[in-house]
Amino acid sequence: MEISSLSAVSFGMPFRHSSSSSSSSSSSISASSSTTHFPSRTRKSPKLQLQHASDLTSTLTSVGQLLTMKDLNATLHHFANSNKFNHVSQLFLWMQENKKLDVYSYSHYIKFMANKLDASTMLKLYNDIQVESAKDNVYVCNSVLSCLIKKGKFDTTMKLFRQMKHDGLVPDLVTYSTLIAGCVKVKDGYPKALELIQELQDNKLRMDDVIYGAILAVCASNGKWEEAEYYFNQMKSEGRSPNVYHYSSLLNAYSACGDFTKADALIQDMESEGLAPNKVILTTLLKVYVRGGLFEKSRELLAKLESLGYAEDEMPYCVLMDGLAKARQTHEAKIIFDEMMKKHVMSDGYAHSIIISAFCRAKLFQEAKQLAKDFQTTFDKYDVVIMNSMLCAFCRAGEMESVMETLRKMDELAISPDYNTFNILIKYFCRKNMYLLAYRTTMDMHSKGYQPAEELCSSLIYHLGQENASSEAFSLYNMLRYSKRTIGKALHEKILHILLAGKLLKDAYVVFKDNATSISGPTTKKFASAFMKSGNINLINDVMKTLHNCGYKIDQGLFEMAVSRYLGQPEKKDLLLHLLQWMPGQGYVINPSTRNLILKNSHLFGRQLIAEVLSKQRVKLNAQKSN
DNA sequence: GTAGGGTTAG
């Protein structure tokens, strides 16, 4: 790269040119022309040369060392303001290599590049900071944290935050509001936000309007309306005046309980404070009514929104339609949809998605399919949610060709399938008796980090068994078993039957051994005789002991089977002797017919040894009888 | 000279 060659250029002792002289000349040079005869008076300052450079690399080589840190930072600004982000990066890199950067360079650069750099690059940038004063500078730290939060890396951010504190950062209110805001989109965000509130108070910081705004938003997004109410009142009692955002968060929190009385009172309070409800406030109020099941009141409010010009996009319609659909009022939802269409309300496809799903839920599959096709022909905006709605409709209506087309489209548009996508497909493949395809989709789902529902897997395992796909069934079983959750006991028995049917006896033994207590008597018996009959001969004694140890009474039939296996393979005589020696200690004695069988073949094993072992069994038996 | 928040829909 050109940049690296820069450092090879050696300069004399760095010197500072007078900044006053450069700024005095800077205002007049724009008119300078190449025809001038007074180059010394009209030449651009190094800073301006750099800012207007056509070849940044060579300009840095020639004038870079003449520039002050302040000039360089101003130039970063200049490039960022003119959207020359390649120049920003290139200059910053040069500044890093030439060790000409300070706290401002970092905090500006991070701000400029927040949208361009990914989380790991940002993290590396911070970790590689060599300037001591920048590393624990609260502005620099806040910039980095804010950038990571915006990229949705909450856990990474919190980890970095702890490291920063350990390395000397003294967090301020900005730090905390940045982090609390990050809790809005995170699951379990409320307790995490609470911890941060506690920490800022422990650090003798006082909550300000911004912090209140952030915590109210967290409460709202977590359905904590009582807590939201608490913070709102606390804020007021501190003499702070909530603004429209504070009000709207509390209102949004009320939608969790659907308490329209509280919501109406809040709007009144807001108006008495001189704040006029805006479009968002009224849409949120609609959400409260809808969640409270007050559909008549909702329709009236929607009409009011329309009359105020607040219903130009589909959002309020979607709020109402979704509520109706979830209350199983599919027909009423469709009426709203039709009105919306008639009025040519702007739509991004949310409305279609809601109604397609509503139709699927109501088992109106033909209607769902039709609407999905309408969407395909009239919209060119796809995301995973609308794709899922359409897939669901096509699957339920049995439109295989459309299902495949939709999947191709997803692939083409690089829309990654999510949990719902996999679920829809797996259920569909199962319904169509395409169990191997369902199996492969389930494994794919698992490899993408989604946990398939146990019930679905369990049913799939059963069907795979029916189709003699025992090893696929076993893979699925193992996937469930090793996914850190407890699974139903019946599944162990189910897979055991499948493995026995598929003659996967070694796998069956593993399942039996690990779950003996969940296996019924008849299934144990079935497993035992299957194994004695054709399981790996080297494991026969182990299986015997396992059966015995889990309380199963081994019958003569099993001993007979084991013995005849051993007689068929005389090289395994040690195993037979071991079994015969083990038996009496556990209260087992061979019956006469098996005993005769062994004696008949004793030349294969050594007559003397066999006789001794058998007579020991006798003695033991007699002793037991006399007891 | 640098850093922060907040509303509504599938």
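The values are calculated or read from the model by the stated rules, or taken from the named source; none is laboratory data. Remember, it's a predicted structure, so these values are computed and weren't measured experimentally. Positions of Cβ are generated from backbone atoms using ideal geometry, with glycine treated the same way; all protein chains shown enter the neighbour counts. What goes into the accessible areas is simple: the full protein's heavy atoms, side chains included, and nothing from ligands, DNA or RNA. Shrake-Rupley method; radii C 1.70, N 1.55, O 1.52, S 1.80 Å.
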Task: Convex hull projection area averaged over all views, the range A:493-627, Cα basis, nm² - done: 8.1 nm²
TODO: Pairs to check: A:99/A:124; A:224/A:448; A:111/A:135; A:533/A:553; A:224/A:334. Give those whose C-alpha atoms are more than 23 Å from each other in this structure.
DONE: A:224/A:448; A:224/A:334
Open item on the list: Using a Förster radius of 35 Å, what is the FRET efficiency between residue A:440 and residue A:490 based on their Cβ-Cβ separation? Nearest 0.05, please.
Closed with: 0.90
- [ ] Mind running the shape call on the range A:212-298? Use the C-alpha gyration tensor, a ≥ b ≥ c as the square roots of the eigenvalues: rounded below 1.5 for a/c, prolate if a/b tops b/c, oblate otherwise.
- [x] oblate
- [ ] Restrict the search to the range A:267-372; then list the trypsin sites (Lys or Arg not before Pro) that DSSP places in a loop and that have at most 13 other Cβ atoms within 10 Å of their Cβ.
- [x] A:328, A:343, A:363
Open item on the list: Taking the 0 to 90 degree range and rounding to the nearest ten, how far is the long axis of helix A:419-431 tilted relative to the main principal axis of chain A, both from C-alpha atoms?
Closed with: 40 degrees
Task: Charge-dipole axis of chain A as Lys and Arg at +1 and Asp and Glu at -1 on Cβ define it, positive-most pick from A:508, A:64, A:90 - done: A:508
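Roughly how big is chain A's charge dipole about its Cα centre, with Cβ charges of +1 (Lys, Arg) and -1 (Asp, Glu), in debye to the nearest 20? Could the numbers behind the result be given before it?
Working: 75 positive and 62 negative charges, 581 e Å.
Approximately 2800 debye in magnitude.
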Open item on the list: Using all alpha carbons of the range A:288-443, what is the percent of pairwise distances in each 5 Å bin, ordered from the shortest bin to the longest?
Closed with: 2, 9, 18, 20, 17, 14, 9, 6, 3, 1, 0, 0
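Take the Cβ-Cβ distance between residue A:539 and residue A:420 as r, set R0 to 45 Å, and report the resulting FRET efficiency rounded to the nearest 0.05.
Numbers: r = 44 Å, r/R0 = 0.98.
Once the sixth-power term is evaluated, E becomes 0.55.
Rank A:216, A:125 by accessible area, highest first, at a 1.4 Å probe radius? Numbers along the way, then the final one.
Values: A:216 0, A:125 20 Å².
Output order, biggest surface exposure first: A:125, A:216.
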Task: Label-point separation in nm, residue A:205 to residue A:526, each point 7 Å along Cα→Cβ - done: 6.4 nm
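When Lys and Arg each count +1 and Asp and Glu each count -1, what net charge do the other residues less than 10 Å away from residue A:393, Cβ to Cβ, add up to? Let's see the in-between values first.
Working: positive: A:369, A:373, A:396; negative: A:367, A:399.
That sum, taken over residues with Cβ under 10 Å, equals +1.
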Open item on the list: I'd like the GluC sites (Glu not before Pro) in the range A:183-258 restricted to DSSP loop residues with at most 13 other Cβ atoms within 10 Å, sorted by number.
Closed with: A:238
Open item on the list: Loop-only trypsin sites (Lys or Arg not before Pro) in the range A:542-575, please: DSSP not H, G, I, E or B, and at most 13 other Cβ atoms within 10 Å.
Closed with: A:553
Task: Accessible-area order (highest first, 1.4 angstrom probe) of the listed residues A:410, A:341 - done: A:341, A:410
Open item on the list: For a quick check of understanding: with a 1.4 angstrom probe and all protein chains in place, what accessible area in square angstrom does residue A:506 have, to the nearest ten?
Closed with: 130 Å²
TODO: Taking just the C-alpha trace of the range A:386-474, give me its Rg and Dmax in Å.
DONE: 12.9, 37
Open item on the list: Taking 2.2 N^0.38 Å as the expected size of a compact globular protein, what ratio does the Cα radius of gyration of the range A:277-363 give against it, to two decimals?
Closed with: 0.99
Open item on the list: Students often forget the sequence filter, so: which lysines lie under 21 Å Cα-Cα from residue A:204 once same-chain residues fewer than 8 apart are removed?
Closed with: A:165, A:192, A:236
Task: Calculated Rg and Dmax of the range A:50-107 using C-alpha coordinates, Å - done: 10.1, 28
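How far, in nm, would the chain grow between residue A:602 and residue A:57 when pulled straight, counting 0.36 nm per residue and subtracting the alpha carbon separation?
Details: separation 545, 0.36 × 545 = 196.20 nm, distance 9.32 nm.
Gain on stretching residue A:602 to residue A:57: 186.9 nm.
Ordering A:616, A:525 from largest to smallest accessible area (1.4 angstrom probe), what's the sequence? The partial results should precede the final answer.
Numbers: A:616 140, A:525 105 Å².
Result, largest first: A:616, A:525.
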Open item on the list: Give me the three principal axis extents of chain A from the C-alpha atoms, as integers in angstrom, largest value leading.
Closed with: 123, 77, 55
- [ ] Rounded to the nearest Å, what's the spacing between the alpha carbon centres of the range A:311-341 and the range A:239-259? Just the number, please.
- [x] 24 Å
Task: Binned Cα-Cα distances of the range A:455-530, short to long, each 10 Å bin given as a whole percent - done: 21, 59, 20, 0
- [ ] Taking DSSP loops as anything outside H, G, I, E and B, show the longest stretch in chain A free of chymotrypsin sites (Phe, Trp or Tyr not before Pro) there with at most 15 other beta carbons within 10 Å.
- [x] A:16-378
